[in-house]
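A short write-up of the structure that comes next.
Rule-based calculations on the coordinates, nothing more; no lab input. Please read all numbers here as calculations on a predicted model, not as lab measurements. Using ideal geometry, Cβ is built from the backbone for each residue, glycine included, and neighbour counts are taken over all protein chains shown.
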Amino acid sequence: MRVIADFHIHSKYSRATSEQMGIDEIARFAPVKGLNLVGTGDFTHAQWLKELREKLAQDGDTSLYRPAKAPDSSLRFMVTGEVATFFPFREESKKIHHLILTPSLETAAQINDRLSRYGSLTIDGRPALNVTAAELVEEVMEASQENVVIPAHVWTPWFSLFGDLSGFDRIEDCYQDTTRHIFAVETGLSSDPPMNWRLSALDRFALVSNSDSHSSWPWRIGREANVFNLDRLTYSNVVDAIRSKDPKRFLFTIETYPEYGKYHWTGHRNCKVSLSSEDVKKYSDVCPVCHRKLTKGVEQRVDELADRPAGFKPESVPGFRRLLPLSEVIQTVLGVSYPGVQKVWEIYNSLVARFGDEYKVLIDAPFKELAETAGPTVADAILRVREERLNVVPGYDGVYGRIELTSEPEKKADENRVEQPSAQSATRQETRKQTGQQRLADFL
């Protein structure tokens with residue numbers, strides 16, 4: 001069976017998260033997106049754990065859960081959470097986020113008992129713990145050998161394994177001898193598999209992608225996800241598919257364009273300065289406007305640690321598909337400021353009603369039928385995203401990237417449309433280069 005999973009989300013008990021982020025809302029919007037497996041997030045928070053016990057029911061012997069109010073729902077929940085660890089290393093302060101998967105609410109409670117010794121679990125759904133990364137893994141694995149720890153959004157400048165501001169250059173320095181328990185890393189919005197394939201040190205780790213969603217709206221939940229082909233949907237089958245990196249079972253990840261992420265390029269938000277990894281060399285990591293240190297982007301950080309050229313691909317690994325949230329594609333076409341306005345919802349709902357869910361619209365729906373439902377301009381925009389015939393102005397220093405689409409639909413017959421994503425085109429690369437050069441010219 002086809003499984004599309006987003007393991008990393010947050011509840012209403014996490015900071016900067018929607019008050020509507022409860023089980024009912026997640027269960028409402030996840031199927032609209034096309035997800036049939038979602039992480040609960042935040043199991044370390046007592047109030048959220050209480051709600052999970054009240055609103056979820058065990059799904060037989062799968063070590064997964066279903067919405068208690070909807071016994072016929074195809075949506076399943078996996079118990080997950082994220083924690084932040086703060087610890088010294090070689091006279092530096094390290095701040096690392098970790099995603100935890102666990103097979104039951106009971107094992108979640110056991111993890112909580114152990115972690116409560118290192119900090120409060122009641123302040124935030126993503127608790128801050130005074131414990132090393134290695135000690136965290138030891139505690140989690142001692143609670144159950146079925147538990148999984150995955151370094152979260154490993155490239156973001158703050159709170160990540162390879163983050164420039166408080167991370168490491170080597171995964172072994174972070175996790176020490178418990179690295180043997182780590183078999184996957186989360187790429188984050190600002191990087192994708194080709195960027196991570198440039199590091200031979202990551203070859204033995206599976207690459208997973210998740211939304212880190214703080215809202216159940218379709219332009220947040222499932223914006224990144226993992227696609228599996230499993231004989232049966234169970235916790236152990238999902239974990240084993242990730243661990244094995246078997247491309248017959250772990251098919252591919254759904255990725256936003258990495259430029260869409262908030263930290264892809266190096267920059268300084270206050271000065272509206274954003275620079276590519278190549279262009280930033282001219283400034284020695286100093287803002288050309290205010291002369292303060294720039295926030296180093298993921299592209300630059302990958303370049304620093306990479307030992308392979310761009311374009312390298314390992315053999316026999318899961319693939320990937322680059323997509324963008326459908327709501328934001330429609331928003332861009334309409335020229336409105338927010339993806340939740342009524343005009344966007346009307347088009348979005350008509351597409352989902354016809355094709356079943358958002359992923360089917362973005363990946364499978366034929367151009368002719370898209371045009372019949374939403375008009376040729378929206379249909380053309382969807383095909384441009386699918387075929388990577390668009391530009392995304394890269395995000396930087398906490399600012400999301402910006403989608404750029406042409407306004408006039410191309411007059412192509414449906415049979416000439418390419419229904420599979422192409423490789424990153426030379427045109428897209430050249431557009432990015434010109435964008436960077438123009439930004440440089442603004443400051444020279």
Checklist entry - If you count, for each residue, the other Cβ atoms within 10 Å and average over each peptide, how do 210-217, 242-249 line up from highest to lowest? => result 210-217, 242-249
Checklist entry - Which value, in debye to the nearest 20, gives the size of the charge dipole of the range 2-259 about its Cα centre, when Lys and Arg are +1 and Asp and Glu are -1 at the Cβ? => result 540
Checklist entry - What is the magnitude of the charge dipole of the range 234-321 about its Cα centre, with +1 placed on the Cβ of each Lys and Arg, -1 on the Cβ of each Asp and Glu, and no other charges, expressed in debye to the nearest 20? => result 280
Checklist entry - Beyond 32 Å, what share of the Cα-Cα pairs of the chain remains, rounded to the nearest whole percent? => result 37
Checklist entry - If you take the charge dipole of the chain about its Cα centre, with +1 on Lys and Arg Cβ and -1 on Asp and Glu Cβ, which of His214, Leu199, Val137 is farthest toward its positive end? => result His214
Item to check | Chain lengthening between Lys282 and Lys343 when straightened (0.36 nm per residue, less Cα-Cα) | outcome: 17.6 nm
Item to check | Length gained when the stretch Arg402-Leu165 is fully extended (0.36 nm per residue, less Cα-Cα span) | outcome: 82.8 nm
Checklist outcome for this item: If N is the residue count of the range 80-231, its Cα Rg over 2.2 N^0.38 Å rounds to 1.02
Item to check | the range 69-208, relative contact order [Cα under 8 Å, separation at least 6], % | outcome: 21
Next on the checklist: For the range 45-194, give me the percentage of DSSP beta bridges that are antiparallel, rounded to the nearest 5 percent.
Outcome noted: 90
Checklist entry - Between Rg and the Kirkwood Rh of the range 232-279, both from Cα atoms, what is the Rg to Rh ratio? => result 1.30
Checklist entry - Looking at Leu405, Phe77, Thr187, which one has the Cα that reaches farthest to the positive end of the dipole of the chain (charges on Cβ: Lys, Arg +1; Asp, Glu -1)? => result Leu405
Checklist outcome for this item: The farthest towards the positive end of the charge dipole of the chain, of the residues Tyr283, Leu52, Phe320, given +1 on Cβ of Lys and Arg and -1 on Cβ of Asp and Glu, is Tyr283
Checklist entry - Which one of Trp265, Trp155, Trp48 has the biggest mean-square fluctuation once the chain is modelled by GNM with Cα springs under 10 Å? => result Trp48
Checklist entry - For the chain, what relative contact order do you get, as a whole percent, if you take Cα pairs closer than 8 Å and at least 6 residues apart? => result 14
Next on the checklist: What does the extension gain come out to for Arg243 and Asp364, with contour length at 0.36 nm per residue minus their alpha carbon separation?
Outcome noted: 40.7 nm
Checklist entry - Under the classification rounded if a/c is under 1.5, otherwise prolate if a/b is larger than b/c and oblate if not, where does the range 113-158 fall, given a ≥ b ≥ c as square roots of the Cα gyration tensor eigenvalues? => result oblate
Checklist entry - Which peptide among 233-239, 376-382, 311-317 comes first, and what is the full order, when sorted by highest mean count of other Cβ atoms within 10 Å? => result 376-382, 233-239, 311-317
Checklist entry - Rounded to the nearest 20 Debye, what is the dipole magnitude of the chain about its Cα centre when Lys and Arg each give +1 and Asp and Glu each give -1 at the C-beta? => result 700
Next on the checklist: I want to check the label-to-label distance for Ser104 and Cys271. Put each point 7 Å from Cα in the C-beta direction and report it in nm to one decimal.
Outcome noted: 5.6
Checklist entry - When only alpha-carbon atoms count, how far does the range 213-306 stretch along each of its three principal axes, as whole angstroms with the largest first? => result 56, 33, 17
Item to check | Cross-link pairs beyond the 27 Å C-alpha cut-off, checked among Lys262/Lys282; Lys50/Lys94; Lys95/Lys296; Lys50/Lys360; Lys94/Lys262; Lys12/Lys262 | outcome: Lys50/Lys94; Lys50/Lys360
Next on the checklist: From zero outward in steps of 10 Å, how is the percent of C-alpha pairs of the range 2-259 spread across the bins?
Outcome noted: 7, 34, 40, 18, 2, 0
Checklist entry - If only Cα atoms are counted, what is the Rg of the range 177-262, and what is its Dmax, in Å? => result 13.6, 40
Checklist outcome for this item: Expressed as a whole-number percentage, the relative contact order of the range 2-259 with C-alpha contacts under 8 angstrom and at least six residues apart is 21
